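The values are calculated or read from the model by the stated rules, or taken from the named source; none is laboratory data. Given the structure is predicted, the values throughout are model-derived calculations rather than measurements. Please note: Cβ atoms are built from the backbone with ideal geometry, for glycine as well, and neighbour counts cover all protein chains shown. Side chains included, ligands, DNA and RNA excluded: accessible areas come from the protein's heavy atoms. Shrake-Rupley method; radii C 1.70, N 1.55, O 1.52, S 1.80 Å.
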Amino acid sequence: MAKKGWDEFEIGAMLRTFDGKIDNIAATQQEDRAYSQSSSYTASVADWRLIKPVFNKDYCIDCQFCWIYCPDVSIISRDKKLIGVDMDHCKGCGICVEVCPTNPKSLLMFSEQADEESVIANWPKKDEEEA
Ligand code: SF4
Ligand code: SF4
């Protein structure tokens, strides 16, 4: 099937999230779901991003605020432990950084080209309150 541009769809066109029959999708683990090629899960949007969040696990308290607030479900958490960011779907909005409560923050925004190892090595220090 030929691909259409976003402005070529008929009114009422529908993109299916999953291929084939769907049985009890809520009980099916994400990795076992048959996502269709036209779903937002399968399509990478990484090239939209100009800045990216970098996660520093040394300061994270696993509060899950970033996971709750991310509008793109791009924070990866397993068993209430934050693992990192799904960079295929993160759009670089910075909301996760805004809601992170630690001092210094456990997530910070950097340019898309920034080297993760070196930004973590130069992470800001604790912001002491003025006396
Ligand atoms: S920058 Fe935005 S899209 Fe990316 S992980 Fe943070 S909240 Fe989600
Ligand atoms: S908001 Fe910050 S401290 Fe809380 S889980 Fe996310 S990165 Fe960790």
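Only protein heavy atoms count here; under a 1.4 Å probe, Trp123 has an accessible surface of about 10 Å². Placing +1 on each Lys and Arg Cβ and -1 on each Asp and Glu Cβ, with no other charges, gives the stretch 1-128 a dipole about its Cα centre of roughly 200 debye. Relative contact order for the chain: 23 percent, from Cα pairs under 8 Å spaced at least 6 residues apart, divided by residue count.
In summary, the lysines within cross-link reach of Lys57, defined as a Cα separation below 30 angstrom excluding same-chain residues under 8 places away, comprise Lys80, Lys81, Lys91, Lys105, Lys125, Lys126.
Mind checking the per residue accessible area of the chain for me, 1.4 Å probe, whole number of Å²? Before the final figure, lay out the partial values.
Working: 9980 Å² over 131 residues.
Value for the chain: 76 Å² per residue.
Cysteine residues of the chain whose C-beta has no other cysteine C-beta under 4.7 angstrom: Cys60, Cys63, Cys70, Cys90, Cys93, Cys100. Couplings 3J(HN,Hα) for the stretch 9-24, derived from phi with the Karplus relation 6.51 cos²θ - 1.76 cosθ + 1.60 (θ = phi - 60°), are 6, 6, 4, x, 5, 10, 9, 7, 6, 10, 8, x, 6, 10, 10, 6 Hz, where x marks Gly and Pro. Between the amide H of Phe55 and any residue lying 5 or more places away or on another chain, no distance stays under 5 Å, with hydrogens modeled in the peptide plane. Placing unit charges on the Cβ atoms of the charged side chains and taking the dipole of the chain about its Cα centre, the candidate lying farthest along the positive direction among Gly20, Pro101, Cys90 is Gly20. This model, with +1 at the C-beta of Lys and Arg and -1 at the C-beta of Asp and Glu, gives the stretch 1-43 a dipole about its Cα centre of some 40 debye. Distant-in-sequence amide contacts of Phe18, defined by a placed amide H-H separation under 5 Å and a gap of 5 or more residues or a different chain, comprise Ser36.
Couplings 3J(HN,Hα) of the stretch 38-45, computed from phi: 9, 7, 6, 6, 6, 6, 7, 10 Hz, in residue order, whole Hz [Karplus 6.51 cos²θ - 1.76 cosθ + 1.60, θ = phi - 60°; x for Gly and Pro].
Here the calculated FRET efficiency for Ser77 and Lys3, from their Cβ-Cβ distance with R0 = 35 Å, stands at 0.55, rounded to the nearest 0.05.
If you take the beta carbon distance between Glu98 and Ser38 as r and set R0 to 30 Å, what does 1/(1 + (r/R0)^6) give as a FRET efficiency, to the nearest 0.05? Can you show the working numbers first?
Numbers: r = 31 Å, r/R0 = 1.05.
Plugging the Cβ-Cβ distance into 1/(1 + (r/R0)^6) gives 0.45.
Listed values for the stretch 90-106 are Karplus-derived 3J(HN,Hα) couplings in whole Hz (6.51 cos²θ - 1.76 cosθ + 1.60, θ = phi - 60°), namely 4, 10, x, 6, x, 4, 4, 5, 4, 8, 5, x, 6, 9, x, 5, 8, and x replaces Gly and Pro.
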